[in-house]
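Enquirer: Below are the structure tokens for one structure; questions will follow.
The values are calculated or read from the model by the stated rules, or taken from the named source; none is laboratory data. If you're wondering where the values come from, they're calculated on a predicted model, not measured in any experiment. Every residue, glycine among them, receives a Cβ derived from its backbone with ideal geometry; neighbour counts consider all protein chains shown. What goes into the accessible areas is simple: the full protein's heavy atoms, side chains included, and nothing from ligands, DNA or RNA. Shrake-Rupley method; radii C 1.70, N 1.55, O 1.52, S 1.80 Å.
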Amino acid sequence: INGVPLRRVNQAYAIATSTKVDLTGFSVDAKFDDAYFKREEQAKLKGTEEEFFGAKAQKKEHPAHRIADQKTADKDVLAAVAKVPYLASYLNSHFSLSKGQAPHTLKF
């Protein structure tokens with residue numbers, strides 16, 4: 001809904017709300033552990049500016065298994081969100097605080 005891929009998020013960057021999504025049919029596979037979310041180490045290459053920005057510059061492709069995992073998770077979550085009216089627009093809305101507002105004092 002908001003374009004964020006399947007990933008681990010530190011709890012310090014998440015804001016708890018009273019809104020609940022019923023995910024009774026959704027199960028998290030055992031493959032989603034620390035090793036799944038670890039970034040692949042790449043050797044740092046020293047090269048010229050032309051090699052970096054030139055025609056040979058390659059965009060990194062996402063692995064096919066991660067794309068399939070994302071689609072599977074999205075299908076189940078979107079089905080649960082569609083059952084509640086206005087929940088999709090609520091989750092898609094931007095969140096911001098004004099000066100002096102504290103997120104822990106707000107009621108969502």
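Enquirer: List the GluC sites (Glu not before Pro) within the range 15-108 that fall in a DSSP loop (any state other than H, G, I, E or B) and whose Cβ has at most 10 other Cβ atoms within 10 Å. Working shown, then result.
Expert: Numbers: sites: Glu40, Glu41, Glu49, Glu50, Glu51, Glu61; in loops: Glu40, Glu41, Glu61.
Qualifying residues, ordered by number: Glu40, Glu41, Glu61.
Enquirer: Along the range 23-30, what does the Karplus equation 6.51 cos²θ - 1.76 cosθ + 1.60 (θ = phi - 60°) give for ³J(HN,Hα), rounded to whole Hz, x for Gly and Pro?
Expert: Each residue of the range 23-30 in turn: 10, 5, x, 8, 10, 8, 5, 5 Hz.
Enquirer: On to the next question. Given the pairs Lys44/Lys71; Lys71/Lys107; Lys38/Lys107; Lys20/Lys71; Lys20/Lys99, which span a C-alpha to C-alpha distance of over 24 angstrom in this model?
Expert: Working: Lys44/Lys71 32 Å; Lys71/Lys107 32 Å; Lys38/Lys107 35 Å; Lys20/Lys71 22 Å; Lys20/Lys99 28 Å.
Over 24 Å Cα-Cα: Lys44/Lys71; Lys71/Lys107; Lys38/Lys107; Lys20/Lys99.
Enquirer: Sticking with this structure for a sec: Could you name the lysines whose alpha carbon sits less than 19 Å from that of Lys46, not counting residues in the same chain fewer than 8 places away?
Expert: In chain and number order, the partners are Lys56, Lys59, Lys60.
Enquirer: May I ask you to evaluate 6.51 cos²θ - 1.76 cosθ + 1.60, the Karplus curve with θ = phi - 60°, for each residue of the range 73-81 and list the ³J(HN,Hα) values in order in whole Hz, giving x for glycine and proline?
Expert: 5, 4, 4, 5, 5, 5, 5, 5, 5
Enquirer: Also: So if a site counts as exposed when it's one of the trypsin sites (Lys or Arg not before Pro), its DSSP state isn't H, G, I, E or B, and it has at most 14 other Cβ atoms within 10 Å, what's the longest stretch of the chain without one? Could you put the intermediate results ahead of the total?
Expert: On the way: sites that count: Arg7, Arg8, Lys20, Lys31, Lys38, Arg39, Lys44, Lys46, Lys56, Lys59, Lys60, Lys83, Lys99, Lys107.
Longest stretch, sites excluded: 61-82.
Enquirer: Solvent-accessible area per residue for the chain at a 1.4 Å probe radius, Å²? Present the calculation step by step, with values, prior to reporting the outcome.
Expert: Values: 10350 Å² over 108 residues.
Per-residue accessible area for the chain comes out at 96 Å².
Enquirer: Per the Kirkwood treatment, what hydrodynamic radius in Å, one decimal, follows for the chain from the mean inverse distance over all distinct Cα pairs?
Expert: Values: mean 1/r = 0.0555 Å⁻¹.
Mean inverse Cα-Cα distance, inverted, gives 18.0 Å.
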